[in-house]
Amino acid sequence: MTDTVSRNERIKEASDYLRGTLAEGLRDEITGAIVEDDQQLVKFHGMYLQDDRDLRPERTRKKMEKAFAFMIRVRISGGVLSPRQWLALEQIARDYGNGTLRLTTRQTVQLHGIIKSNLKATLKQIDGVLLNSIAACGDVNRNVMCGANPEESPAHAAALALARAISDHLTPRTPAYREIWLDGEKIAGGEEEAVEPIYGKTYLPRKFKTVVAVPPANDVDIFAHDLGFIAILDGKGGIAGWNVTVGGGMGMTHGEEDTYPRTAELLGFCATQDALRIAEAAVTVQRDWGDRANRKHARLKYTIEDRGLDAFRAEVVRRAAVLLQEPKPFSFTSTGDRYGWSDGKDGRSHLTLFVQNGRLRDDAKAKQLSALRRIAQSHDGEFRITPNQNLIVANIAPERRTEFHWIAQEARLLAPWSGLRRNSMACVALPTCGLALAESERYLPDLMTALDERLAAHALSGDDIVIRMTGCPNGCARPYLAEIGLVGKGPGRYNLYLGAAFDGSRLNKLYAEDLDHAGIVAALDHMFAAYAAERQKGERFGDFTIRAGFVAATGNGRDFHANVRRPAQRRA
Ligand code: HEM
Ligand code: SF4
């Protein structure tokens, strides 16, 4: 390998297929941490080493090691769990974690606060219910998402089948996970093609995210992801095939304009039997063409910007040896969840619950974990985590309906009335995320209370408006696709972005920088007033902020940082 590759590339190459010195590091009882190189490798096993940032000052004063613990992200294709799996994860959160379960924006579960000495026991229990955490983080194809919206049952089943097939096909094959965490036998390293036929020794240049959508719901936020499949219905309740999308991604760095979020583009249409080959080819082209020198320029979105969509398509078609047709027409209506009850097959029904920012716990306000445990104990359908950090209790037997409804209501899991809160997401940020520049999950609920008051004053409480917040510009809660996006800049300070499309097809644009709480509320109050007074029939808030001149529309990619209006140029 040449000198020009990044440090992470060297770590991967020297790791013997993701083993590194993890096994030894786990045995070292002197520290709650693991060595630096292993911190990179452990991500491929679905874990991040973190520390409780709330405790940092006190522990520094006492000259103690940081309060280290691990976050484990489970791999759950399409977000579908059996009640037994739900119960197991919930029990692990109580026994080994911080007593909470965190549903994520990519349809999985995160367990926080697991100390090093409990990692193996935790992963064994996860394995015991046929789940694992391999490739939930790291430079590989991550958890494959699938529209959770249960309206289109046959299409949902086909989408889930595709999501699972892609996930299985693109999961790393290295025996390291089983060896290190599950006391599997050490299997001697083999030829690259034998151990990792798709990835090879150095895996991908960066993370790779795949989703499957079922229109008209764009709950998976398909344009935010590296690779996407849009179900094209055949008009008889089945699937005619899939439109393929490529090159979406959220992350950027403040002040570095050559990093930017980007919406995915349409690559073409393929038949169901060809979808897996297309997925594999997209991954291997990115494996070979992606930038391995600069991690900030390594996502597929930059490969496509640099090489062009046509060149990328030609190479994918060549490697997959299948033809892509012109994309078929489709339309999305929203990125949100459809809360409450809906009908399923055979007299069964689904209940979509509201989970504020995906965090489930038992506290003085509500015992949400316990409520869901009660449901899981008598539920014979499944649980579906939505891409909006919510939860669907799916395929509920008719005789359970009333009971589940009351349990959910008592635990405050039914959706609130506020159209803003119903469409809100926040990333984890403090205290666990080492990259957070500002609060997110712990602050957004309070901000929304203040904003709800302003919306009520303008008679807008019931209007669906998408708001998303992250503690840093990496964009884990996809803030650049929100009508109101707030991105942490420093403690208590946020950049405000406006003008994304309600259906998730257009990015927003920077409106104001470094706003504090009062500044955010004042800026938005002013806009809510204008929206209430001037909006056209059916006009969405994001579209309005562009028409009314608050921000310019963002086209794509590089255009994200263009045409940002300075305060003097803005509509006041
Ligand atoms: C360079 C970019 C990124 C880095 C370094 C990064 C890193 C992290 C870290 C450290 C966490 C753990 C936070 C915690 O649980 O304490 C996290 C959470 C998460 N990230 Fe990212 N992230 C990046 C971009 C993204 C993007 C673009 C997405 C999705 C489109 C995403 C999806 C998630 C999800 C789903 C979680 C789980 C928590 C949640 O739902 O908020 N990440 N990320
Ligand atoms: S957006 Fe930033 S602060 Fe939030 S979880 Fe992701 S990396 Fe952490």
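The values are calculated or read from the model by the stated rules, or taken from the named source; none is laboratory data. Since the structure is predicted, the reported quantities are computational estimates derived from the model, not experimental observations. Note that each Cβ is placed from the backbone with ideal geometry, even for glycine, and that neighbours are counted across all protein chains shown. Side chains are part of the model used for accessible areas, which takes the heavy atoms of the whole protein and leaves out ligands, DNA and RNA. Shrake-Rupley method; radii C 1.70, N 1.55, O 1.52, S 1.80 Å.
Evaluated against (1) more than 16 Å from ligand 1 (Cβ to nearest atom); (2) β-branched (Val, Ile, Thr); (3) touching a helix residue (DSSP H, G or I) at 6+ places or on another chain (Cβ under 6 Å), residue 385 falls short on exactly one condition, (1).
Determine whether the stretch 354-363 contains at least one residue that is modelled with pLDDT of 95 or more, touching a helix residue (DSSP H, G or I) at 6+ places or on another chain (Cβ under 6 Å) and of a type in the set (Gly, Ala, Ser). No, the stretch 354-363 contains no residue that is modelled with pLDDT of 95 or more, touching a helix residue (DSSP H, G or I) at 6+ places or on another chain (Cβ under 6 Å) and of a type in the set (Gly, Ala, Ser).
Let's see how each residue does on (1) in a helix (DSSP H, G or I); (2) surrounded by fewer than 20 Cβ atoms within 10 Å (Cβ to Cβ); (3) at pLDDT 95 or above:
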residue	(1), (2), (3)
13	yes, yes, yes
31	no, yes, yes
37	yes, yes, yes
50	no, no, yes
63	no, yes, yes
69	no, no, yes
94	yes, yes, yes
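Select, from 282, 271, 275, the only residue that is of a type in the set (A, V, I, L, M, F, W, C) and within 19 Å of residue 204 (Cα to Cα). The match here is 282.
For the stretch 438-472, the candidate set comprises residues that are open to solvent by 10 Å² or more (accessible area, probe 1.4 Å) and under 15 Å from the mean Cα position of the chain (by Cα); within that set, the residue that is nearest to ligand 2 (Cβ to nearest atom) is 472. Looking only at the stretch 399-450, count how many residues are touching a residue at least 40 places away in the same chain (Cβ under 8 Å), within 13 Å of ligand 1 (Cβ to nearest atom) and in a loop (DSSP other than H, G, I, E, B). Within the stretch 399-450, residues that are touching a residue at least 40 places away in the same chain (Cβ under 8 Å), within 13 Å of ligand 1 (Cβ to nearest atom) and in a loop (DSSP other than H, G, I, E, B) number 13. Out of the residues in the stretch 336-358 that are open to solvent by less than 30 Å² (accessible area, probe 1.4 Å) and part of a strand (DSSP E or B), which is farthest from residue 94 (Cα to Cα)? Among those residues, the one meeting the criterion is 342. For residue 126, the conditions (1) within 13 Å of ligand 1 (Cβ to nearest atom); (2) open to solvent by less than 10 Å² (accessible area, probe 1.4 Å) all hold with the exception of (1). Highlighted here are the strands (runs of 3 or more DSSP E) found entirely within the stretch 480-546 that include at least 3 residues which are buried (at least 18 other Cβ atoms within 10 Å of the Cβ) and among the hydrophobic types (A, V, I, L, M, F, W, C): 484-490, 509-515.
Among the numbered conditions (1) at pLDDT 95 or above; (2) away from ligand 1 (no atom under 16 Å from the Cβ); (3) open to solvent by 10 Å² or more (accessible area, probe 1.4 Å), the only one that residue 559 does not meet is (1).
In this structure, residue 78 qualifies as out of contact with any Phe, Trp or Tyr (no Cβ under 9 Å at 6 or more places or on another chain), surrounded by 22 or more Cβ atoms within 10 Å (Cβ to Cβ) and closer than 28 Å to residue 208 by Cβ. Residue pairs whose Cβ atoms lie under 6 Å apart, separated by 6 or more positions or on different chains, with the first residue in the stretch 470-483 and touching a residue at least 24 places away in the same chain (Cβ under 8 Å) and the second near ligand 2 (Cβ under 6 Å from one of its atoms) and not in a loop (DSSP other than H, G, I, E, B), are 476/470; 477/470; 479/470.
Only one of 93, 148, 163, 157 is closer than 29 Å to residue 397 by Cβ and without any contact (Cβ under 8 Å) to a residue 12 or more places away in the chain. Can you tell me which? Exactly one of 93, 148, 163, 157 is closer than 29 Å to residue 397 by Cβ and without any contact (Cβ under 8 Å) to a residue 12 or more places away in the chain, namely 157.
The C-beta contact set for the stretch 509-527 (first residue aromatic (Phe, Trp, Tyr), second residue open to solvent by 60 Å² or more (accessible area, probe 1.4 Å), distance under 9 angstrom, 6+ apart or interchain) comprises 511/565.
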